[in-house]
Structures are given as structure tokens and as C-alpha cells.
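Colleague: This is the structure I have questions about; it appears just below.
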Amino acid sequence: MDVFDHESELAACARRDASALRRLYEREAPFLLAVALRIVRRRDVAADVIHDSFLDIWERAGTFDRERGAARAWMASIVRYRALKHMRRTAREREVDPDARAAEVDDAPDPLSALASSQEAGRLHACLAQLEPKRRRAITLAYTDGYSHAEIAARLGAPLGTVKAWIRRSLLALKECLS
Amino acid sequence: MIPSAPNDRDILAGEYVLGLLEPEVVREVELALPADGDLRRRVAFWEERLLPLAGGLRPETPDPEIWTRIERDLAGLRARRVIPSPIRERAMYRVWRSAGVWQGATAIATAAAIVLALLPGGLRPRTDGPTRFFALLQTRDSSGAEAGPGWLIQVATDGTVRSIPLASVEPGQGRSLQLWTLWDQARGPVSLGVLPPGGSVRLPPDRLGVIGSGQLFEITLEPEYGSPTGRPTGRVLFIGRANASTTQSL
């Protein structure tokens, strides 16, 4: 049985107990690094994202509200937003062609097929399964791979406007299904 | 513009979590989140419900160098407070939330007056004519969490702009803080300049082209000599909107 208590460790971070941050790091860094790496696709950049995110977690531990959600989701969100901001910023600076990213070899498993087997995951799986395959893929490309609308459109060979509409309708369908 | 219809708010929150919003809209959302509990709940819904999508990723062993850097920078953070303690932030946040001070500009004016009253004498702005507008900038982290008031921007009737930090801020080696204002989404943020060490500055009246209620001010972390692109490139550290100063008879 898993007894690691993320919420208590975060509370200890808020009390400036650095050993709690270390325990959170040891516990979650491998997972969070995978999350960052899948989005930024470069180990050096992913390492920077994890470094910055853990300093963020330390600084913001006192603002975490356990009534608002789980600590693990909170930490993963900090990592994802940092990774996403890096991708959007560098895409603008380098004027990255969305087609180039779409052509990247996708060697990682489809997140849907690899969904962890928890109860929460089962629910999400069932709800995602109700979406048409391309619409489902649009959601997972955005969430897991950090693709932009344009990159999703290029990858799925669909018009940009169509992809935007898919996402919006899929979100409403998922909200209904998951609530 | 943050929508009011529940479905539109769910979509906005979902697109925010998926990372599909334009940077300007991300800023709007991050600006709205601290005062909008409903939107925070909708964002948290997606953050938590979509997390299993990452559950299937194969964990990666981090290079030991990452923790070494974290530990080193942590020591720096603890030695030299960059941002007020999260505990204090949270207490401050509760006071602000419970007082409902974000409900109206008058309330915000009162809150700013309290902050001003608490400032040591030396930090109080020397006015260049009465204050016409002020913006109390909230300390902001990368993911949109509010961390209490961190900066005050004062615009005098003659257009003089004063930048007054409420906490000591050290951008770090090779970095600087840059002040921006935004009055037109289409034009985007306009630089008011790189702030000197310490962050306190008085800008001449001609620097600020336009000023009006709701005008956005923000301070971003930039390279030493400022953003190379003329647009903010680093994370937003402080952000807030201008409020018209009210006249009170005492």
C-alpha cells in the first residue's frame, strides 16, 4: 500500500523543511522528468524544467490548497506549464514549422494505450474512448506531447479550424462524462 | 476576456491546462485566477482528471546534477529572500480573499492605501503631483498562482511614473527586471525600460504614452540588458492593472 503523503511533504516544504523537498524529488522526479521530456524532447531542456519547477514547488508550497486538488497533480501541472511555456517561446523565437514537429518520430507509446490502471485512469479511459479516434488523439497530443493547435493539425492532417472545434467539443464531452 | 457561461469557462480552463491558448490569453487567465475561485476549480478539474494521461509514461532517471543545482539554488533562495515566505503569502492571500477586496476598484484603492500606510517612510513615493492612477502588482509564479502584492506603480497627474518594489527582488546574475505596460492587445506590451538594481525608479512624464483604468502593468525577468525582441521573453514576476485614484475628504 502506498503511504507516501505528498500533501504532508508539501506542508513541510512550506515550513521550510528542505528534506521534504528532497523526499518529493526522490519520489516524483523520475515521473516528472518523463512528463517534461515528452514535451520538450531534449534532456538538457527537460533538466532545466525540472530544476526550475522544484524551486517553484519550494517557493509556492505554502500556497498549495489541498481542498483544491491533489498535490501530485499540482506538481505535475507546474512542470507541464513550464515545459509548455518553453516550447511556445522557442517556437516563436525560431519560427518553428509545425510540420517539422509533426514529422518527428513518435517512438513513445500512445498515452491512451498506456493509461495507468487506477480507478481515475479507468474513468478517463472510458470517457476518451467515447471520442472519435482523431479527436481523442488531438487531446492526447496536446496534453502529453504539448502540441499546439497548428502542430496537431499538421500531425493529423486536418484543417486548423477543424482541430480547434474538435478540441472544444471534446472538452465539453469529457467534462460531461467525467463529472 | 474571461467568459461567464459555464461551458465557455470549462473550455477555457481545459485549453489552458492543455496549453492551447495564445500567450496573451494565458496571461489573461493567470491574471484572473487569483480572484476567480470558480475558474480555479475548473482548471483544477482538468489538471487532476487529465493527469492519468501522463501515468503511462516510462519514468526517466534524472541526472544527479539536477538535484545538485536545485540544492545549490535552494541555499541561495533561503539565504536571500526573493519572494515573501509562502506562509505569509498564504495568510495575506486569505485576508485579501475573505475581504473580497477584488470586487471593486474602490476596495483595491483602500487595500493599496493600507499597503502604503505600512511602508517605511523612506519607501513612500515622493509625489509628482497627486496620484492619478496606481497599479498594485501581484507577485506571480509561472503557473498563475498569486503570491501577494509585490510592486506598486504610481502615475502622477503630470504623467511621472514611479516604480516601487514592496519586497527585495534580486533577478540574479546576467538577468534584469523589465517593466511593461499594455493598453492595446493588438499592439501588445510596450516596454517602459529595464529597472535599475533595487527596482525603484522614477520615469519622466513622456515615457508613458497612454494611461487609463484597467491598463496592464507587468514586470518580467529578462536578460541583463532587457528583452532582445522588444517583447517580454521571460516569466511574469509581477502583474496588475491601473486603478484611478479616488479623492477622499477626511
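The values are calculated or read from the model by the stated rules, or taken from the named source; none is laboratory data. Everything numeric here is computed off the predicted structure, so don't read it as measured data. For neighbour counting, all protein chains shown are included, and Cβ atoms are generated from backbone atoms with ideal geometry for every residue, glycine included. Quick note on the areas: whole protein, heavy atoms, side chains included, nothing else; ligands and nucleic acids left out. Shrake-Rupley method; radii C 1.70, N 1.55, O 1.52, S 1.80 Å.
Colleague: Carbon and sulfur: what percent of region B:6-54's accessible surface (1.4 Å probe)?
Modeller: 48 percent
Colleague: Counting other Cβ atoms within 10 Å, keep those with at most 14, restrict to DSSP loop, and tell me which chymotrypsin sites (Phe, Trp or Tyr not before Pro) in region A:1-63 are left.
Modeller: Filter output for region A:1-63: A:F4.
Colleague: Sticking with this structure for a sec: For B:G56, list long-range residues whose amide hydrogen, built 1.01 Å from N in the peptide plane, is under 5 Å from its own amide hydrogen.
Modeller: A:A116
Colleague: Tabulate in residue order the Karplus-calculated ³J(HN,Hα) for region B:35-48, using 6.51 cos²θ - 1.76 cosθ + 1.60 with θ = phi - 60°, rounded to whole Hz; enter x for Gly and Pro.
Modeller: Once θ is set to phi - 60°, the couplings for region B:35-48 become 9, 10, x, 5, 5, 4, 5, 5, 5, 4, 4, 5, 4, 7 Hz.
Colleague: Further, regarding this structure: Please get the size of the charge dipole for region A:1-96, origin at its Cα centre, with Cβ charges of +1 on Lys and Arg and -1 on Asp and Glu, quoted in debye to the nearest 20.
Modeller: The calculation lands at about 460 debye.
Colleague: Counting only other chains, what is the mean number of Cβ atoms within 10 angstrom of the Cβ of each residue in peptide A:122-128?
Modeller: Average per residue, whole number: 2.
Colleague: If you don't mind, another one. How much accessible surface area, in Å² rounded to 10, belongs to the heavy atoms of B:T229 with a 1.4 Å probe?
Modeller: B:T229 exposes around 80 Å² with every protein chain in place.
Colleague: In addition: Any idea how far the Cα center of region B:164-237 sits from the one of region A:39-75, in Å?
Modeller: What the calculation gives is 26 Å, centre to centre.
Colleague: Another one. Taking R0 as 30 Å, what FRET efficiency do you get between B:R132 and B:Q185 from their Cβ-Cβ distance, rounded to the nearest 0.05?
Modeller: 0.85
Colleague: Can you list the HN-Hα couplings for region B:192-202, worked out from phi with the Karplus curve (6.51, -1.76, 1.60; θ = phi - 60°), rounded to whole Hz and with x for Gly and Pro?
Modeller: Using θ = phi - 60°, the values come out as 9, x, 7, 7, x, x, x, x, 8, 8, 10 Hz.
Colleague: Could you list which residues have their amide H under 5 Å from that of B:G193, counting only those 5 or more apart in sequence or on another chain, with H placed in the peptide plane?
Modeller: Distant-sequence amide H within range of B:G193: B:L179.
Colleague: Which of the peptides B:163-172, B:130-139 is most tightly packed, and how do the rest follow, going by the mean number of other Cβ atoms within 10 Å of each residue?
Modeller: B:130-139, B:163-172
Colleague: Please compute the modelled spin-label separation between B:D73 and B:M1, points set 7 Å along Cα→Cβ, answer in nm with one decimal.
Modeller: 3.9 nm
Colleague: How much FRET efficiency would the formula 1/(1 + (r/R0)^6) give for B:E24 and A:V3, where r is the Cβ-Cβ distance and R0 is 56 Å, rounded to 0.05?
Modeller: Here the calculated transfer efficiency is 0.80.
Colleague: Going 7 Å from the Cα of B:D63 in the Cα-to-Cβ direction, what parts of region A:33-65 have a backbone nitrogen less than 13 Å from that spot?
Modeller: What the label zone holds, given the 13 Å backbone N cut-off, is A:42-51.
Colleague: If you don't mind, there's one more thing I want to ask. What are the residues whose amide H is under 5 Å from the amide H of B:F133, where those residues sit 5 or more places off or on another chain and H is modelled from the backbone?
Modeller: Residues meeting the criterion, in which the H sits 1.01 Å from N, are B:V155, B:S245.
Colleague: As a test of the definition: with a 1.4 Å probe, what buried accessible area, both sides summed, do you compute for B against A, in Å² to the nearest 100?
Modeller: Roughly 6100 Å².
Colleague: Continuing with this model, one more query. In the full protein assembly as shown, how much of B:D63 is accessible to a 1.4 Å probe, in Å² to the nearest 10?
Modeller: In the full protein context, B:D63 sits at about 90 Å².
Colleague: Run the numbers on region A:59-73: which residues show a drop of 10 Å² or more in accessible area, chain on its own versus all protein chains together, using a 1.4 Å probe over heavy atoms?
Modeller: SASA drop of 10 Å² or more in region A:59-73: A:E59, A:R60, A:G62, A:T63, A:F64, A:D65, A:R68, A:G69, A:A70, A:R72, A:A73.
Colleague: Related question: Accessible area, 1.4 Å probe, largest first: how do B:S200, B:S245 sort?
Modeller: If we order B:S200, B:S245 from most to least accessible, we get B:S200, B:S245.
Colleague: Residue by residue, what Karplus-based ³J(HN,Hα) values in Hz, rounded to whole numbers, does region B:158-165 have, using 6.51, -1.76 and 1.60 with θ = phi - 60° and x for Gly and Pro?
Modeller: 7, x, 5, 10, 10, 10, 10, x
Colleague: On to the next question. Rank these by accessible area, largest first, 1.4 Å probe: A:E151, B:E22, A:E176.
Modeller: Values: A:E151 15, B:E22 110, A:E176 145 Å².
Largest accessible area first, the list is A:E176, B:E22, A:E151.
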